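See below for the structure under consideration.
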Amino acid sequence: MVLTTRFKVLCAIAAAVGVFIVISGPAPESAAPSTGASPSAPAAVNGGTRRPAPTPATRDSGSLLARFAHRVSVDKFAAALFPTQSWYVAPPPPPPAPVVVVAPPPPTAPPMPFTVMGSYAHPGDATVYFLTRGDRVFDVHVGDTIDGTYSVDGAANG
């Protein structure tokens, strides 16, 4: 197995943390307060959590588990170990849009439903214009009324 520098550094850090934990623990005689109760009677620790008191043999043996037996978490602190935290800041509301009053457009006539197909001018007669709407063809002269609605007033500007 090839040991990389990163792996070696991480192992050294882990070993240093382990040594720190073992050294920084309380002395064995301060791990359990001496009470008049028997060594096997449970003792109250941190707000009602009951743990058995270490026996004199365990206290003297210096085992790692006996040194950490007094460390108990309180519920109110345990819930605060990883509190939720958000750095989200709501953006300010957008400024109100300016009110633009647009005048309505002037009224216009609807589009003509007819399409000019062409015209025919016989010499001496009035010009005949051919208009289509759908599949119907109308032949109209100036002054005629189509379908009782549209009237042909003149033919100017083409």
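The values are calculated or read from the model by the stated rules, or taken from the named source; none is laboratory data. All values derive from a computational prediction rather than experimental measurement. Every residue, glycine among them, receives a Cβ derived from its backbone with ideal geometry; neighbour counts consider all protein chains shown. For the accessible areas, the whole protein counts, side chains as well, though only heavy atoms, and no ligand, DNA or RNA atoms are used. Shrake-Rupley method; radii C 1.70, N 1.55, O 1.52, S 1.80 Å.
Conditions (1) at pLDDT below 95; (2) under 52 Å from the mean Cα position of the chain (by Cα); (3) closer than 21 Å to Phe68 by Cα; (4) surrounded by 10 or more Cβ atoms within 10 Å (Cβ to Cβ), marked per residue:
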| site | (1), (2), (3), (4) |
| --- | --- |
| Thr4 | yes, yes, no, no |
| Ala31 | yes, yes, yes, yes |
| Gly36 | yes, no, no, no |
| Ala41 | yes, no, yes, yes |
Here the residues within region 128-143 that are within 20 Å of Pro110 (Cα to Cα) and outside any strand (DSSP E or B) are Gly134
Under 9 Å between Cβ atoms, at least 6 apart or on separate chains: pull out the pairs that start in region 75-90 with a residue that is at pLDDT below 80 and end on any residue that is not hydrophobic (A, V, I, L, M, F, W, C).
-> Asp75/Gly47; Asp75/Thr49; Lys76/Gly47; Leu81/Ser73
Those residues that are closer than 17 Å to Asp153 by Cβ, in a loop (DSSP other than H, G, I, E, B) and either open to solvent by less than 80 Å² (accessible area, probe 1.4 Å) or of a type in the set (Ser, Thr, Tyr) (or both), I need them from region 111-127; list them, please.
-> Pro113, Phe114, Ala126, Thr127
